[in-house]
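The values are calculated or read from the model by the stated rules, or taken from the named source; none is laboratory data. Here the structure is a predicted model, which means the values were calculated and not measured. Using ideal geometry, Cβ is built from the backbone for each residue, glycine included, and neighbour counts are taken over all protein chains shown. Note: accessible area is taken over every heavy atom of the protein model, side chains too, but ligands, DNA and RNA are not part of it. Shrake-Rupley method; radii C 1.70, N 1.55, O 1.52, S 1.80 Å.
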Amino acid sequence: VIKIANSPDYIRPQSGLTLADVVYEYYIEWGDTRFIAVMYGNDSPMVGPVRSGRYFDEHVARMYHAFLMFKGADPRELSYLQSSTLNDFLVIVYSNNSICPPVVLGPERRDSYNNAFFNTAKWAACALKKGIDNSKQVLRGGFFTEQVVPGGLTATRIFSFFSGYSYNYWDYDAATHKYFRYQEANDLVAKKREAYAPLSDAQTGLPVTTDNVVVLFVPYIFANQYDAHDEVYHIDLLASGNAYVFRDGVATPAIWNRTDEDQPLLLTTLTGDPIYLRPGRTFYEVMGVNSTYTQDGTDWHFNFQTP
């Protein structure tokens, strides 16, 4: 799993989002969000720009039995990760050309801090050299079907408003059964009007799309007053919580369940029946439990709220 920047704006388009199997987007601090991409079925010579780790990344790394590729971290979070049982699976990426771990610098003329990319295609050889077990892991199979599940609520666009700095929507295309990503194009804090632009992948040249969008309502917690001052969040992706699952232009109220620490989430209906996702990529939008949502016709608006 690899941390991928979503700010500042000039780092877009990112590389590798269209090659990931699963992507989580969550709020980090000061209005910004970040992606953590699960690279299981595909490789890419460039994924990134790679950015710093957070407490939340532990959940994703454990669920997918994954190595966690990130670019440093706040001392509190780095110390926590290094003192955990994940320590042997941490891969810290630095802003230089390195064969092992395989790091490449982007062609862009910008600060090196936002210009380091990870080459997943060369990771296997690096792992072998270091004597690391990089074999495919056995993960619990999800529930998938191409058959459109009848019923549900119509949902054409899914808006996630994290802040005036970071907001987006997914637009459903019935011809391809995919949702296309549109990212904020204006900074609302600077008193500009709300505007969006398509998000693409610099590596593949393709628009960023997904087959499923899942909105999770998850507690964002401050461990103490110092963490609150710095906006250092613990995001508690444990036990269960509310969610919405979007596929084929339909919204389904759901419950997310993390029944096993080392297995992916299980999504069920409110009555406990498994929800079948469309085969393909899934993007998770990680909202706080205090977040709100409204419907405007077939547009769904989710508004992130901090504690």
With the range 145-296 reduced to its Cα atoms and the Debye formula applied, log10 I(q)/I(0) at q = 0.13 1/Å amounts to -0.69
Computed over the range 218-262, the relative contact order (Cα-Cα under 8 Å, seq sep at least six) in percent reads 30 percent
Of the listed links Lys71/Lys129; Lys71/Lys192; Lys122/Lys178; Lys3/Lys191; Lys71/Lys191, those spanning more than 23 angstrom between alpha carbons are Lys71/Lys192; Lys122/Lys178; Lys3/Lys191; Lys71/Lys191
Carbon/sulfur accessible area of the chain, % of total, 1.4 Å probe, equals 53 percent
Measuring from its Cα centre, the range 246-295 shows a charge dipole (+1 at each Lys and Arg Cβ, -1 at each Asp and Glu Cβ) which, in debye to the nearest 20, is 220 debye
Relative contact order in percent for the range 67-126 (Cα pairs under 8 Å, 6+ apart) equals 27 percent
Of Asn87, Asn119, Asn242, the most mobile residue in a GNM of the chain (C-alpha springs, cutoff 10 Å) is Asn87
With T = 37 °C, eta = 0.692 mPa s and Kirkwood Rh from C-alpha pairs, the Stokes-Einstein D of the range 1-156 in µm²/s is about 198 µm²/s
Expressed as a percent, the portion of alpha-carbon pairs in the chain spaced more than 35 Å apart is 15 percent
To the nearest 20 debye, the chain has a Cα-centred charge dipole, built from +1 on Lys and Arg Cβ and -1 on Asp and Glu Cβ, of 660 debye
quick note, the chain, DSSP beta bridge pairs, % antiparallel (nearest 5) is 75 percent
Per the Kirkwood formula over distinct C-alpha pairs, the hydrodynamic radius of the range 197-251 in angstrom is 14.5 Å
Highest GNM mean-square fluctuation among Leu265, Leu90, Leu206, for the chain with Cα springs under 10 Å, belongs to Leu206
Dividing the helical contributions, -39500 (n - 2.57) per DSSP H run of n ≥ 4, by the residues of the chain yields a 222 nm value, nearest 500 deg cm²/dmol, of -2500 deg cm²/dmol
If unit charges are put on Cβ atoms (+1 for Lys and Arg, -1 for Asp and Glu) and the dipole of the chain is taken about its Cα centre, the option from Ala127, Thr33, Leu86 lying farthest towards the positive end turns out to be Ala127
The answer for the chain, accessible area per residue at 1.4 Å probe in Å², is 44 Å²
Packing-ranked peptide list from 136-143, 162-169, highest mean Cβ count within 10 angstrom first, is 162-169, 136-143
Contact order relative to length for the chain, counting C-alpha pairs under 8 Å separated by 6 or more residues, stands in percent at 19 percent
As a Kirkwood estimate from alpha-carbon pairs, the range 1-49 has a hydrodynamic radius in angstrom of 11.0 Å
